[in-house]
Amino acid sequence: MTQAQVAEATDLSLEMVGRLERGVTAPSFESIAALAAALQVPVPALFGAEPGETEGERGQTLSRIRALLARFPDPDLRRVERVLGALLTD
């Protein structure tokens, strides 16, 4: 798809699609959902998830975690990211 087609399918501006593609800005949760729908891929695929990671018990757990994280305001979400990062470095 071209950027113009993605913009039209997601109701995002062409400028925003370009900024997202270049990594200049981060998408909102709503934009992520719209991009996944427009590209016809599951949301986790936008973040590099392998197909098996969206299925079974692991997929269900990740889905629940994503739903919980989606409710956090941005500052709290950054704190959660730091905590998770610290847990993974041990």
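Per atom type, the chain shows carbon and sulfur on 56% of its accessible surface, probed at 1.4 Å.
A crude spin-label estimate for the pair residue 2 and residue 39, with each label 7 Å from Cα along the Cβ direction, gives 1.9 nm. Counting only alpha carbon atoms, the long axis of helix 74-89 and the longest principal axis of the chain meet at about 50°.
Taken one residue at a time, the phi angles of the stretch 35-49 give Karplus couplings (6.51, -1.76, 1.60, θ = phi - 60°) of 5, 4, 5, 5, 8, 6, 10, x, 3, x, 5, 5, 10, x, 5 Hz. Gly and Pro are set to x.
Can you give the Rg/Rh ratio of the chain, where Rg is from the C-alpha atoms and Rh is the Kirkwood radius?
Answer for the chain: 1.01.
Summing Lys and Arg as +1 and Asp and Glu as -1 over all other residues whose Cβ lies under 15 Å from the Cβ of residue 80 gives a net charge of +3.
The values are calculated or read from the model by the stated rules, or taken from the named source; none is laboratory data. Nothing here was measured: the structure is a model prediction, and the numbers come from that model. Here Cβ is always computed from backbone atoms with ideal geometry, including for glycine, and neighbour counts include all displayed protein chains. Quick note on the areas: whole protein, heavy atoms, side chains included, nothing else; ligands and nucleic acids left out. Shrake-Rupley method; radii C 1.70, N 1.55, O 1.52, S 1.80 Å.
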